[in-house]
Amino acid sequence: MVAGYANREDMKAAKELYDVMNDKNEVTWVAMIAGYGKLGTVSEARRAFDEAPAPQGASAYAAMLACYAQNGYATVAIDMYRKMKEAKIKITEVTMVAAISACAQLRDIRMSKILSLTILRSVAVDTYCFQCIDPYALKMWKCKLSFERIQYNERYRDIHTYSAMIAALAEHGKSQDAIVVFLKMQKEGLKPNEVTFIGLLNACASSGHIGEACRFFQIMTGVGLILGPSLKIFEKDKMMLFPYGSQDTLTTIASLGYVLFVFENGVKMDFSMITRVGKPGWVIASLGLALPLSIGAACFPKLSTILSQGIEDKGHSAVVILMTQNVTSFAVIASILNDLQILNSELGRLTLSCGLVGDIISNILLSLKDAVSLALLLNCKGVVEASMYSSALDKNDIQTDIYTVIMTAIMITSSIVHLLVKRLYDPSRKYGGYQKRNIFGLKPKSRLRIQVCIHKQHHTIPMIKALDLFNPTQEDPIIVDVLHLIELVGRSSPIFISHRINKSFPSRIQNSYSENIIHSFKLYEDDKQRATSINPYTAISPRSLMHEDVCYLALDKVASIIILPFHRKWSIDGKIEHEDKAIRSLNCKLMEKAPCSIGILVSRFVHQRDSPLRLAMIFLGGNDDREALCIANRAAKVSNVNLVVYHITINNMNELQDMDTLLDLALLKDANKKSSSLKNVIHKEIIVEGTGAQITSILCQMIDEHDFFIVGRRHGIHCPLTKGLQEWSEFSELGLIGDFLASTDLDCKSSVLVVQQQQFAQ
């Protein structure tokens, strides 16, 4: 009874019965632990575990470990797994699955390998257990474990295992591997099901393989997986799957799901967007609604005759189709844009705006590819239209034959839209650099424009301190665009706010979430007395699409450099206090797509104004180092900065000189000449033999001598000087030198600014 109540998640009744039991056993404790685990009440589950007499059995341990893993206590779960191993407690299937899930959450590659070897040696893990492996674990091991299971164990070669593998590979972008697994499944004579083909179509959609998708769709049609009410095939199978009386239950569930879908998207919908739609949006939407209706009305008699096919329906089918096909569903459009990850792109914003007004056929002020993409998106049909046609079928407004054709068309167009839009529209192509937007190429007497990105309040002070390195003065002022990035929650459409339309800050920001950040930069602007101009913005968008807002603003404002915060926060004693993987993902995307130079600020030291800043610039050569040297040259003019420029080179430098090396030497010579009259600047040349161990030793000696380092990322440069550091690199976005200086293995409390020069389009 306790287990029954727990399975129904009625833990109140289970607890009442549990409390009055005199003779409790392991089944009782496992049921209580599992029940509390489903509800997420980990503390209650632990209390039930502790009430079991020590030593607890393998089942109780497995249930508790699974509870920890399911509710995000990955570290505690792994600790319990280690204690089980030390106590020689039996490791069950449930234990292994929970440990794998916890290991995937922690991204612990070493432990993952140990667990994978344990599973491969074991014969006790069944197909169900295998399918429960966390998708992130599959991604971490690149599905190696699953491939080996399928290859070497015949009893795992069933349709469920193959379908699970194909779906997991498709989810993580391994489209070619998914197709290979499908072909292997076909060779073994296994018949694919709906799950198999959904996984395959997802794989083809993510990789843009239109031909393969069409081929798989034909196979789907051939095996009879696309069924409609008028297709008189597989009648016995349909009756077995959907017996008499089941339709009402399925319809009720489907209706509930539809209501929840529309409700969720309706709550997220921002109707104030209509007032912000520009003239192109209104014209496009109006034409998209009026033109098809006009053509349909002109063809109505002929269309009605064709659709009725001798049935006396008084043109109901033609009216329903004409009206439904010309209705644009904002919920469907928003979902598709979110799936394609172009929600806050230029095309995405225009599509959402037009979607609130009407459908579209033509295009205005767009390129051909963008126009086709916009038309496809606004003509895409989905769950809303399917529900409308189902309702029309129930009311006998359309015939079953017409309904089947329309539903098949909706499914085909929905699949094709994803593939075609991915192929036609690339939101990052406009960021490809053809014009110089970097500090190295900045023209004399041109104002430097910097864009800084803020996620949390603690990013503000380090960013302001970093701006001082650019030496803003009244004679050489800088413009700073401050972009506060906030995750989009509870809305369908992203928001971009400019807080400084006029010279003075508007009063409406006083109660905004960005108030403290804007106020801090406003004080900095006032303190600099016309040497710095601050323009604050707020972007509210999904985490996966924030890079679009950053790139769009940098492109629009012609920024020379974007400065981003590092994803780790250190405490005063040098330990990691906080780590945000979403920020790191954003930084990596921006390193690839930014339309200008970019820098990542690793902040571990806050400079006090009453003491000089001990600044170091490490120069090895290349575009990124030249950009970093330009920043160091500006910092050299700051009165309370003591700068040391380290030029690290190898013995046979004269034999290896090329055009890039000559440019490096010329820039260093010019910088040395300009700073010769400055007492706070020192240039040092360090000659090494070209081994990684030697440069590691040199960097370790510099750590205690400086408070702040400026280095180039040196992306894509293969150099014997840093060859030994490649094996230890943890964060590729920092480059080898920056990653070494930011490593937790060093007792380093210095801040680091890693610079990458603008990458020009090929």
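The values are calculated or read from the model by the stated rules, or taken from the named source; none is laboratory data. Only a predicted model underlies this, so the values are computations on that prediction, with no experimental measurement involved. Note that each Cβ is placed from the backbone with ideal geometry, even for glycine, and that neighbours are counted across all protein chains shown. These accessible areas exclude ligands, DNA and RNA; they are computed on the full protein's heavy atoms, side chains included. Shrake-Rupley method; radii C 1.70, N 1.55, O 1.52, S 1.80 Å.
Computed values, structure above
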| quantity | calculated |
| --- | --- |
| Cβ crowding within 10 Å averaged over residues, with 477-488, 566-577 ranked highest first | 477-488, 566-577 |
| Ordering of 398-404, 17-23, 682-688 by burial proxy (mean other Cβ atoms within 10 Å per residue, highest first) | 398-404, 682-688, 17-23 |
| Probe 1.4 Å - accessible area at Ile495, Å² to nearest ten | 40 |
| Greater than 21 Å apart at Cα, pairs in Lys465/Lys637; Lys557/Lys674; Lys557/Lys593 | Lys557/Lys674 |
| Cα gyration tensor category, rounded, prolate or oblate, for the stretch 625-762 with a/c compared to 1.5 | rounded |
| Heavy-atom SASA rank of Met11, Met1 (probe 1.4 Å, accessible area, largest first) | Met1, Met11 |
| Cα centroid separation - the stretch 16-45 against the stretch 704-721, whole Å | 56 |
| Val489 accessible area, 1.4 Å probe, all protein chains in place, Å² to nearest 10 | 110 |
| Rounded accessible area per residue of the stretch 613-762, 1.4 Å, Å² | 48 |
| Peptides ranked, highest mean first, by Cβ atoms within 10 Å: ranges 28-39, 43-54, 535-546 | 28-39, 535-546, 43-54 |
| Simple Cβ-charge dipole of the stretch 675-735, Lys/Arg +1 and Asp/Glu -1, about Cα centre, in debye nearest 20 | 260 |
